[in-house]
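Working notes, beginning with the structure itself.
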Amino acid sequence: MSRFFGLLVVVTAIAAAVASSASADSLEFEFLQGSDVTLQELQCNPEGTSTATFVVRGEAGGPHPGTFESTVRATAGPLAFGEGRLLELNENFEIVSGDTLITGTKNLVLPEERFYPFSCSVTTAGDCEDVFVQASAPGEGLRYDATISAPEGTTRESGLAEFSINVSGTRCGGETQVTSAFMEQFFTTVTPPREPATVVLSPETAVNTVGTFHELTASVSDESGEPVADAIVRFGVSGASSATGFCQTNPAGECTFSYQVAEFPGEDTISAYVDVDEDGVQDELEPAGTATKAIVLPASTTGRTTGSGKYGAAENVFELSARSDGSTHRGSCVFKDKAGNVTIKCLDVIAYVQFENTVAFYGHAEQNGVPTLYRINVEDNGQPGSSPADFISITTAAGYASSGPVVSGDVQVR
């Protein structure tokens, strides 16, 4: 009998004492045993990387007696004399104990410093294969992060656990029939909550084309460099763009945030902080990080656009001309919004992008005599009177925007 199984026998024998000494708000001294094992995947490669994925169901004992279900994925390195080093073990588990639901994850602790054994084999058995896999992480080899949801409230907890699994079966036509299996786990020690010490944003610098989306990853760690799960990271974007948001870190201490960058070139500063007390206000000791982004115009294509007439319900007046050979550009425009008392004069073209019958071009302009940047989008849908009608829009960095179908006149994209 293994030392680990002997420990579970002892724990079972003193279950009443454990229940009286352990807190129902904690997983300390919880144990899981299950022989209902489904081997979903087994890639056994003695000379390379081996991977096994299991789904296990069984009984839970200790402070939260009931049932459990776990999905475990184990990865190991080359096998020497039938045994290799366990490189990764990731588990998602759920325990149901009366009105209490416990969900969480487990991950291998320092696999580069400790040897956790893994062994597997696949041998021919007639038209089928005999498969075998075994893995263990004794001596508090796993770190767990769990959420305990009970009628009295919800608590989060982290700690250490032991693990062992042994499975054998037959695989025919890609389907595995498990003939013998047993998994056992023991939650040994509760560790103090990990306090966020740093937050790092990645990428630290980046370049995006105007109007596109930018995604950042926040990585939160404690003083020892270990990831911090369930941390709230709040973001603020200033500069050419403006955005706010937040995300919550996963067990790896990471979460993502994305925003749409400005419609015109510029620079953004993205600031983030870990909202430790979850009050929505950045306090002095809460860790923070920054990243920057450059926003640039799109690469130009060749093409030519001309047009004049009236557009939109207010029948705004426009006249425009723009052309590009991919490297040099030229053009001008005049837009008059009589109702809004706005006149825009395009002074040049600095980027031109044409795709089939649609065009977007950018440049410098004057809006009621004040310098600004502009973007014009046009859609040539055929000769005047066609359905749908040609479409045009103009936006300036000064905050003006108007758009609509061309109600008289024409736009031509060539």
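The values are calculated or read from the model by the stated rules, or taken from the named source; none is laboratory data. All values derive from a computational prediction rather than experimental measurement. Using ideal geometry, Cβ is built from the backbone for each residue, glycine included, and neighbour counts are taken over all protein chains shown.
Summary of computed values
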{"read-out": "Out of Ser386, Ser300, Ser327, sole residue that is hydroxyl-bearing (Ser, Thr, Tyr), under 26 Å from Thr209 (Cβ atoms), outside any strand (DSSP E or B) and at pLDDT below 95", "value": "Ser327"}
{"read-out": "Selection within region 232-281 - without any contact (Cβ under 8 Å) to a residue 24 or more places away in the chain and over 19 Å from the mean Cα position of the chain (by Cα)", "value": "Ser242, Asp277, Asp279, Val281"}
{"read-out": "Test: residue in region 260-279 that is surrounded by fewer than 20 Cβ atoms within 10 Å (Cβ to Cβ), among the β-branched types (Val, Ile, Thr), over 17 Å from Val233 (Cβ atoms) and modelled with pLDDT of 95 or more", "value": "no"}
{"read-out": "Verdict on Gly139 being part of a strand (DSSP E or B), over 15 Å from Thr105 (Cα atoms) and touching an Asp or Glu at 6+ places or on another chain (Cβ under 8 Å)", "value": "yes"}
{"read-out": "Residues located in region 59-112, provided they are part of a strand (DSSP E or B), surrounded by 17 or more Cβ atoms within 10 Å (Cβ to Cβ) and aliphatic (A, V, I, L, M)", "value": "Ala60, Val72, Ala74, Ala76, Leu79, Leu86, Leu87, Leu89, Ile95, Ile102, Leu108"}
{"read-out": "Residues being under 14 Å from Gly303 (Cβ atoms) and surrounded by 19 or more Cβ atoms within 10 Å (Cβ to Cβ) - total across region 363-388", "value": "3"}
{"read-out": "Test result for Asn357, at pLDDT 95 or above and more than 35 Å from the chain's Cα centre (by Cα)", "value": "yes"}
{"read-out": "Leading residue by the ranking (nearest to Gly245 (Cα to Cα)) among those in region 201-231 that are within 14 Å of the chain's Cα centre (by Cα) and modelled with pLDDT under 95", "value": "Asp230"}
{"read-out": "Selection within region 243-288 - part of a loop (DSSP other than H, G, I, E, B) and small (Gly, Ala, Ser)", "value": "Ala252, Gly253, Ala262, Gly280"}
{"read-out": "Among the candidates Phe132, Phe118, Phe163, residue that is part of a strand (DSSP E or B) and under 17 Å from Glu28 (Cβ atoms)", "value": "Phe163"}
{"read-out": "Failed item, numbered, when Ala339 is tested on (1) at pLDDT 95 or above; (2) in a loop (DSSP other than H, G, I, E, B); (3) within 25 Å of Val406 (Cα to Cα)", "value": "(1)"}
{"read-out": "Only listed residue being within 22 Å of Pro117 (Cα to Cα), hydrophobic (A, V, I, L, M, F, W, C) and either surrounded by fewer than 17 Cβ atoms within 10 Å (Cβ to Cβ) or at pLDDT below 90 (or both), chosen from Phe163, Phe186, Phe182", "value": "Phe182"}
{"read-out": "Residues of region 152-173 that turn out to be within 26 Å of the chain's Cα centre (by Cα) and charged (D, E, K, R), as a count", "value": "2"}
{"read-out": "Among residues of region 364-383, those that are closer than 18 Å to Arg323 by Cα and assigned to a loop (DSSP other than H, G, I, E, B), counted", "value": "1"}
{"read-out": "Filter pass, Ala291 being touching an Asp or Glu at 6+ places or on another chain (Cβ under 9 Å) and surrounded by 14 or more Cβ atoms within 10 Å (Cβ to Cβ)", "value": "yes"}
{"read-out": "Flag if Val55 is modelled with pLDDT of 95 or more and of a type in the set (A, V, I, L, M)", "value": "yes"}
{"read-out": "Residue within region 209-216 that is assigned to a loop (DSSP other than H, G, I, E, B) and of a type in the set (A, V, I, L, M) present", "value": "yes"}
{"read-out": "Every residue from region 342-362 that is in a strand (DSSP E or B) and either touching a residue at least 40 places away in the same chain (Cβ under 8 Å) or of a type in the set (A, V, I, L, M) (or both)", "value": "Val342, Ile344, Ala351, Tyr352, Val353, Gln354, Phe355, Thr358, Val359, Ala360, Phe361, Tyr362"}
{"read-out": "Residue tally, condition within 17 Å of Met183 (Cβ to Cβ) and loosely packed, with under 14 Cβ neighbours inside 10 Å, over region 37-58", "value": "2"}
{"read-out": "Any chance Ala181 is more than 30 Å from Asp283 (Cα to Cα), of a type in the set (Gly, Ala, Ser) and assigned to a strand (DSSP E or B)", "value": "yes"}
{"read-out": "Filtered residue count, region 211-257, keeping only those that are exposed (fewer than 14 other Cβ atoms within 10 Å of the Cβ), within 30 Å of Thr396 (Cα to Cα) and among the polar types (S, T, N, Q)", "value": "4"}
{"read-out": "Single residue of region 127-151 satisfying the filter (crowded, with 18+ Cβ neighbours inside 10 Å and in contact (Cβ under 8 Å) with a residue 60 or more places away in the chain) that is farthest from the chain's Cα centre (by Cα)", "value": "Val131"}
{"read-out": "Residue that is exposed (fewer than 14 other Cβ atoms within 10 Å of the Cβ), touching a strand residue (DSSP E or B) at 6+ places or on another chain (Cβ under 9 Å) and closer than 27 Å to Val261 by Cβ, where the choices are Ala339, Ala397, Ala401, Ala313", "value": "Ala401"}
